[in-house]
Amino acid sequence: MKLLYACTELAPLLKTGGLADVGAALPLALTAAGCDTRMLLPGFAALFNGVQLDDAPPLMPAGPFAPAVLQQLAQPALIRRGRVAATGQPVYLLDAPALYQRGGGPYQSAAGEDWPDNADRFALLGWAAAWLGLGGDTDWRPDVVQLHDWHAALAPLYLRLMAGDKPRPVSVFTVHNLAYQGLFPADQLPGLGLPWSVFGIDGLEFYGQLSFMKAGLQFADAITTVSPRYAQEILTPEQGCRLDGVLRERASRVSGILNGVDYAVWNPATDPLIGARFEHDRLAGKALARSALQRELGLQERPDALVFGVVSRLSEQKGLHLLPPVLDELVARGGQLVVLGSGDAGIEAALREALAAHGAQGALRTGYDEALAHRIIAGADVLLVPSRFEPCGLTQLYAMRYGTLPLVHGVGGLADTVTDATPDALAAGRATGFVFCDFSADALRGALHRAFALAERPREWDAVRRHAMQQRFDWREAARAYCALFQRLLTAHPES
Ligand code: ADP
């Protein structure tokens, strides 16, 4: 089976969040599971730097329904073939420097403004995915096209328009986060090469705007999300981001496949980014990692402190506004809090102000720092993930591997992966962390109390920690589930 995997991020070359970790690991796991997998990525400079290009001449995509920008570029857009230097993963890079090579981030300028031509930039990605899907590369024609998040979400629609009555690959749209939807003014539609006939309630129209996300949801042959619980939650008005009606109509095509962890990168026994290495059966290094973290961040070096860590985007989704109201108590009980985050300036200011009152019992580091993320996840005792919603969440999975007990709001992938330390779960040896159910500071406070109470019973804490460290969230399992889905779709769509 041949699979084209279209997305925008690939760790460690280009990462703004979990999408990049998935892009680094899932295609390789799919290949190992028997899918001949090639990625399609926008030709961002950071990606060109990590890709070894083939000698093969580039492809020059052209054809119907192309976004107008394809004709307007001073240099024609090309699709270059190559392999990720570090892993050998085959990739197509969509080379259009005027669209993809600029300072700032992949979606926003350095000042945090969305790029004004994002509709063109990502429509071209979706269109190129469809073009490759229909045999644009005569040497390699995929059976399945998997599109990730809104950036690639127009592809299922372009595929249908471009194929007409002819065979086309099956399309799978994978939602990593329903909250980011790719909304643009409706008058941009013709510039994307799309006819007005697709702009209706059954098409791209979303409260008067055009929605890339909705195209993926309406026109893909199957929709997946990154945890089973989130796949259920997005069917509800509470978590459906106003797309729950669309999703409910297509509910039979929606499923959830839990993300995995790349244990070659996230392994306390081998991690080169942490000072002291450790494993579930030799934990001395864990205490060293904690005191090293306290030193590095200027915390009081108290061996008895319960160190709480946060590694997160600073966005409303992540629920970090629940932390300031509980911080006094956390510190009064002997805790310390370290936060690494980047994003929203208001959330940053609120955390800074709250932590300032606690001197050497708290620290905030801002910006994106992969190495510090590893050291916090290794050195903390508890990792806080109080997200309002969480499609899968990766940091709680990393934390478990490092014996750092996750304390999470019980939603989405957090609910699917963390087993709360209830008396029953503790007695049965199943507990791996702490889960609170109401999205409120009081509920968070309750879970903190339980964490402090367990810390006073070191033997039990140790048992939970060892159990958490032995959990495995295996990409092989995820890849097998995706392959099985692809196979079912191919059987059900004999025309492709
Ligand atoms: P999301 O994709 O919503 O941001 P995930 O938990 O799925 O959340 O993935 C977040 C990823 O980004 C993890 O690999 C985490 O370690 C990393 N990360 C988040 N914030 C930072 C930061 N400030 N510095 C370094 N890594 C970060």
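The values are calculated or read from the model by the stated rules, or taken from the named source; none is laboratory data. In this text the structure is predicted, and so the values were computed from the model without any measurement. Note: ideal-geometry Cβ built from the backbone for every residue, glycine included; neighbour counts use all protein chains shown. For accessibility, only protein heavy atoms count, side chains too; no ligands or nucleic acids. Shrake-Rupley method; radii C 1.70, N 1.55, O 1.52, S 1.80 Å.
Before moving on, here are some points about what is shown:
- Members of segment 251-293 that are in contact (Cβ under 8 Å) with a residue 12 or more places away in the chain and in a strand (DSSP E or B): V254, S255, G256, V261, E279
- If you check A77, A98 for being in contact (Cβ under 8 Å) with a residue 40 or more places away in the chain and hydrophobic (A, V, I, L, M, F, W, C), only one passes: A77.
- In summary, Y368 fulfils each of the numbered conditions (1) crowded, with 23+ Cβ neighbours inside 10 Å; (2) assigned to a loop (DSSP other than H, G, I, E, B); (3) within 16 Å of the ligand (Cβ to nearest atom) with the single exception of condition (1).
- Hits in segment 167-183 - residues which are within 16 Å of the ligand (Cβ to nearest atom) and surrounded by fewer than 21 Cβ atoms within 10 Å (Cβ to Cβ): A179, Y180
- Within segment 371-386, the set of residues being over 17 Å from A292 (Cβ atoms) and either open to solvent by 20 Å² or more (accessible area, probe 1.4 Å) or within 8 Å of the ligand (Cβ to nearest atom) (or both) comprises just one member, V385.
- Residues of segment 393-446 that are under 17 Å from V261 (Cα atoms) and charged (D, E, K, R): R401, D416.
- Which listed residue, of G245, G240, is in contact (Cβ under 8 Å) with a residue 60 or more places away in the chain and more than 14 Å from the ligand (Cβ to nearest atom): G240
- Per this entry, T225 is counted among residues that are buried (at least 16 other Cβ atoms within 10 Å of the Cβ), closer than 28 Å to L397 by Cα and among the β-branched types (V, I, T).
- Considering residues of segment 339-365 that are surrounded by 14 or more Cβ atoms within 10 Å (Cβ to Cβ) and over 20 Å from R295 (Cα atoms) only, the residue nearest to the ligand (Cβ to nearest atom): S342
- Enumerated strands (runs of 3 or more DSSP E) restricted to segment 105-187, each holding at least 2 residues that are among the hydroxyl-bearing types (S, T, Y): 170-175
- Enumeration of residues in segment 135-149 that are crowded, with 19+ Cβ neighbours inside 10 Å and in contact with a Lys or Arg (Cβ under 9 Å, 6 or more places away or on another chain): P142, D143, V144, V145
- Leading residue by the ranking (most open to solvent (accessible area, probe 1.4 Å)) among those in segment 86-102 that are over 23 Å from G135 (Cα atoms) and in a loop (DSSP other than H, G, I, E, B): A86
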